[in-house]
Amino acid sequence: MATRDPSTLSNYGAWRTRHTTANLKLDFENKCLRGDVVLRLESQTDKESREVILDTRHLSISSITVDAAPSKWELKEHTEPLGAPLHVSIPEGAARGQFVDVTVNLETTPKCTAIQWLTPAQTSNKKHPYMFSQCQAINARSIFPCQDTPDVKSTFTFNLTSTLPVVASGVPVGDHNPTVGEEKLYKFEQKVPIPSYLFAVASGDIATAPIGPRSTVATGPNELQDCKWELERDMEKFMEIAEKLVFPYKWGEYNVLVLPPSFPYGGMENPIYTFATPTIISGDRQNVDVIAHELSHSWSGNLVSNASWEHFWLNEGWTMYLERRIQAAIHGDAEFDFSALIGWKSLQDSVELFGKDHEYTKLIISHDNVDPEDVYSTIAYEKGFHFLYYLERLVGRENFDKFIPHYFSTWAEKSLDSWEFKATFLDFFNGLGDEEIKAKVATIDWNDKFYTPGLPPKPDFDTSLADMCYALAEKWKDSSFTPSPEDVESFTGNQKLLFLETVQQAEPLSPERAQLLGETYDILSSKNVELKAAFYHIALKANDKATFQGVAELLGQVGRMKFVRPLFRGLNKVDRQLALDTFAKNKDFYHPICRGMVEKDLGV
Ligand code: BES
Ligand code: ZN
């Protein structure tokens, strides 16, 4: 039976996972997870279903039972990018609505793409090992066999045994007093059904501190105070604003785990515990927008999910929209436009990188025979945002604000595709009984919006916050301009960023001018990696050899792909040998996903 998600090999049209129990031991010595996972599956077909097909990738499976009886099963051949389908026979068959429990005994392997295992030497206090997972988009299948599609949602029980404190994407139940060095069972329940990509686990020498009435930050003991300071001012504010925009937060707690520097993303919206890069702890609260973003996913993505990665804009476009509404509520409407403008620039960059006619620059992106990892870019985020922003302006903000809770309650705990979005939107606005609005929504060319590659029409932005960034960048075009630290004194972190990116886009500076810029504005001593990376792109373009070593050093300190991949690409252009040496040196520092992508980027 054909399904609407091309990124799974599972036969989820015939079965649906309703509950998943993961009984796993975290084995730091052998760097693997070991135990069993029980999938409670519901038959979907009138014709009796006699076979369950699950996704796996590089898993070692020792035995399988169906309703506690040993079963016949076969792990088929592994192919890229989707992995090896696991066929489990259901000898008795199951009629529609009937349940079976499939229990798989397994061990993860060194080829597991979801988990990074860090040695004590790779952690900040060097005392204990550390491990963490990253399942989005299709890495859950390398931890346990599953219907690895966002079109299927299951509740979860986590029974995780570890010698170090554990966090997971469920609510802690029972005794969670962290005991460092002593083996212990950590239990979590996720009672809201979630797709497999939101399965998450991390374990290490982790301490916690409150950052709001419903929120805790978890991180290494040495980093705890800094993390608490960075997040505690805004956490509850973000939650209250988001709740006003959509509806009350449904998940109980909202916590943040700040990971070691090799975490490959800025943030990952794992339910209950957002995972975040330590680069947001910049000592100036200038990168907390990442948390507003991940929190917004509690509605867009986690409660209402894209049915497949072809409709990823429904996750990320909506999340960018909510994130910017939160920012605007705190800092004013100009901030919405300023952030959208920065987003527009990154959209331009992505379109340029892929080419303006490329499939991956569409809102709906065909995923037949492709690895979602290769498709990943800011297109879904910013083209998705701009589509929603266009709809908002078309119907007016007041009307759109009524649609927001309607949309999220209609699709809560479900998954949808772009056409279902269209139907929900049209039903809502045609049902208001307002002829003027009806006429307006009739003008939307949905096919054009969904399938035209390249940039959408550019809206008029309020550029008040951006103008001073552009003005300063303009001055740098004149090589006799004498800069002073006061030039950027009043700038926020994001304004400095826009200034640096604008300089970077213009004609290259001379190596001396690039150095002067870095020194005058004191960029390299800042803890803000966004700024450092942006400056390094200027220096690379200026072919300022004196800073290449600094680039190589930064590449050994952060594993966030947003920085690592462009910096490697930039370094590779000017000094391929240094790029290759730097990668060889830091290979083990990077998460497997990041390692794989840089290998592709560098062609090694
Ligand atoms: N869900 C994404 C991260 C992700 C996407 C991981 C696809 C794997 C596959 C997360 O919400 C995200 O968008 N993170 C951004 C932060 C941001 C836009 C503020 C990031 O990592 O940079
Ligand atoms: Zn996101």
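Give the residue that is farthest from TRP419 (Cα to Cα), with candidates limited to residues of segment 436-486 that are outside any loop (DSSP other than H, G, I, E, B) and of a type in the set (Phe, Trp, Tyr).
TYR470
Across segment 490-504, which residue is nearest to LYS475 (Cα to Cα) among those that are open to solvent by 30 Å² or more (accessible area, probe 1.4 Å) and touching a residue at least 24 places away in the same chain (Cβ under 8 Å)? Break it down stepwise before answering.
Residues of segment 490-504 that are open to solvent by 30 Å² or more (accessible area, probe 1.4 Å), as a first pass: 490, 492, 494, 496, 501-502, 504.
Checking the rest, the ones that are also touching a residue at least 24 places away in the same chain (Cβ under 8 Å) come to 492, 494, 496, 501-502, 504.
Details: THR492: 19, ASN494: 19, LYS496: 14, GLU501: 14, THR502: 11, GLN504: 13 Å.
Ranking the qualifying residues of segment 490-504, first place goes to THR502.
Residue by residue through segment 258-272, note down the ones that are more than 15 Å from ligand 2 (Cβ to nearest atom) and either over 15 Å from LEU224 (Cβ atoms) or crowded, with 24+ Cβ neighbours inside 10 Å (or both).
Those that are more than 15 Å from ligand 2 (Cβ to nearest atom) and either over 15 Å from LEU224 (Cβ atoms) or crowded, with 24+ Cβ neighbours inside 10 Å (or both): VAL258, LEU259, PRO261, SER262, ILE272.
Against the condition surrounded by fewer than 18 Cβ atoms within 10 Å (Cβ to Cβ), part of a helix (DSSP H, G or I) and not acidic (Asp, Glu), how does LYS250 come out, does it pass? Reasoning before the result, please.
Working: surrounded by fewer than 18 Cβ atoms within 10 Å (Cβ to Cβ): yes; part of a helix (DSSP H, G or I): no; not acidic (Asp, Glu): yes.
Answer is no for this residue.
Quick one: which residue in ALA242, ALA202, ALA292 is farther than 22 Å from GLU316 by Cβ, aliphatic (A, V, I, L, M) and within 16 Å of ligand 1 (Cβ to nearest atom)?
ALA202
Within segment 361-378, which residues are without any contact (Cβ under 8 Å) to a residue 60 or more places away in the chain and either open to solvent by less than 30 Å² (accessible area, probe 1.4 Å) or under 9 Å from GLY454 (Cα atoms) (or both)?
Of everything in segment 361-378, those that are without any contact (Cβ under 8 Å) to a residue 60 or more places away in the chain and either open to solvent by less than 30 Å² (accessible area, probe 1.4 Å) or under 9 Å from GLY454 (Cα atoms) (or both) turn out to be ILE365, SER377.
Just to be sure before I move on: is PHE312 of a type in the set (A, V, I, L, M, F, W, C), buried (at least 20 other Cβ atoms within 10 Å of the Cβ), within 24 Å of MET239 (Cα to Cα) and within 13 Å of ligand 1 (Cβ to nearest atom) in the structure I sent?
Criteria met by PHE312.
Among the numbered criteria (1) under 22 Å from LYS228 (Cα atoms); (2) open to solvent by less than 10 Å² (accessible area, probe 1.4 Å); (3) more than 12 Å from ligand 2 (Cβ to nearest atom), which one does HIS297 miss?
All conditions are met except number (3).
If I filter segment 558-589 down to residues being in a helix (DSSP H, G or I) and among the β-branched types (Val, Ile, Thr), which single residue comes out as most open to solvent (accessible area, probe 1.4 Å)? Working first, answer last.
So in segment 558-589, the residues in a helix (DSSP H, G or I) come out as 561-574, 576-589.
Filter again for among the β-branched types (Val, Ile, Thr), leaving 564, 574, 582.
Values: VAL564: 0, VAL574: 54, THR582: 9 Å².
Among residues in segment 558-589 that are in a helix (DSSP H, G or I) and among the β-branched types (Val, Ile, Thr), the one most open to solvent (accessible area, probe 1.4 Å) is VAL574.
For segment 370-400, give me each residue that is in contact with a Phe, Trp or Tyr (Cβ under 9 Å, 6 or more places away or on another chain), of a type in the set (Phe, Trp, Tyr) and part of a helix (DSSP H, G or I).
TYR381, PHE385, PHE387, TYR389
Table: residues versus (1) without any contact (Cβ under 8 Å) to a residue 24 or more places away in the chain; (2) out of contact with any strand residue (DSSP E or B) (no Cβ under 6 Å at 6 or more places or on another chain); (3) among the acidic types (Asp, Glu); (4) closer than 20 Å to ILE61 by Cβ.
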site	(1), (2), (3), (4)
HIS128	no, yes, no, no
PHE132	no, no, no, no
ILE138	no, yes, no, yes
LYS153	no, no, no, no
THR157	no, no, no, no
SER162	no, no, no, no
PRO165	no, yes, no, no
GLY170	no, no, no, no
ASP175	yes, yes, yes, no
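Among the residues of segment 324-340, write down those that are in contact (Cβ under 8 Å) with a residue 12 or more places away in the chain and open to solvent by 10 Å² or more (accessible area, probe 1.4 Å). Full working, then the answer.
So the first thing to find is which residues in segment 324-340 are in contact (Cβ under 8 Å) with a residue 12 or more places away in the chain, and the list is 324-327, 329-330, 333-340.
Answer for segment 324-340, where residues must be in contact (Cβ under 8 Å) with a residue 12 or more places away in the chain and open to solvent by 10 Å² or more (accessible area, probe 1.4 Å): ARG325, GLN327, ALA329, ILE330, ASP333, ALA334, GLU335, ASP337, SER339.
Residues of segment 25-55 being out of contact with any helix residue (DSSP H, G or I) (no Cβ under 6 Å at 6 or more places or on another chain) and surrounded by 23 or more Cβ atoms within 10 Å (Cβ to Cβ), which ones?
LEU26, LEU33, LEU39, LEU41, SER49, VAL52, LEU54
Please find, within segment 257-286, the residue that is farthest from the chain's Cα centre (by Cα) out of those that are more than 13 Å from ligand 1 (Cβ to nearest atom) and of a type in the set (A, V, I, L, M, F, W, C).
This residue is ILE281.
Does segment 198-205 contain any residue that is in contact (Cβ under 8 Å) with a residue 12 or more places away in the chain, over 27 Å from LEU24 (Cβ atoms) and within 21 Å of the chain's Cα centre (by Cα)?
No: zero hits.
List the residue pairs whose Cβ atoms are under 6 Å apart, where the first residue sits in segment 247-273 and is more than 30 Å from LYS402 (Cβ to Cβ) and free of Cβ contacts under 8 Å to residues at least 60 places away in the same chain, the second is away from ligand 2 (no atom under 16 Å from the Cβ) and not polar (S, T, N, Q), and the two are 6 or more positions apart or on different chains.
VAL256/VAL217; VAL258/CYS227; VAL258/PRO278
Kindly provide the set of residues from segment 199-214 that are out of contact with any His (no Cβ under 9 Å at 6 or more places or on another chain) and either more than 20 Å from PRO260 (Cα to Cα) or not in a strand (DSSP E or B) (or both), ordered by number.
Listed by number, the residues that qualify are PHE199, ALA200, ILE206, GLY212, PRO213, ARG214.
In this structure, does MET239 turn out to be buried (at least 20 other Cβ atoms within 10 Å of the Cβ), more than 15 Å from ligand 2 (Cβ to nearest atom) and outside any loop (DSSP other than H, G, I, E, B)?
Working: buried (at least 20 other Cβ atoms within 10 Å of the Cβ): yes; more than 15 Å from ligand 2 (Cβ to nearest atom): yes; outside any loop (DSSP other than H, G, I, E, B): yes.
Yes.
The values are calculated or read from the model by the stated rules, or taken from the named source; none is laboratory data. Everything numeric here is computed off the predicted structure, so don't read it as measured data. So basically every Cβ, Gly included, is an ideal-geometry build from the backbone, and we count neighbours across all protein chains shown. Surface areas here come from the heavy atoms of the whole protein model, side chains and all, with no ligands, DNA or RNA. Shrake-Rupley method; radii C 1.70, N 1.55, O 1.52, S 1.80 Å.
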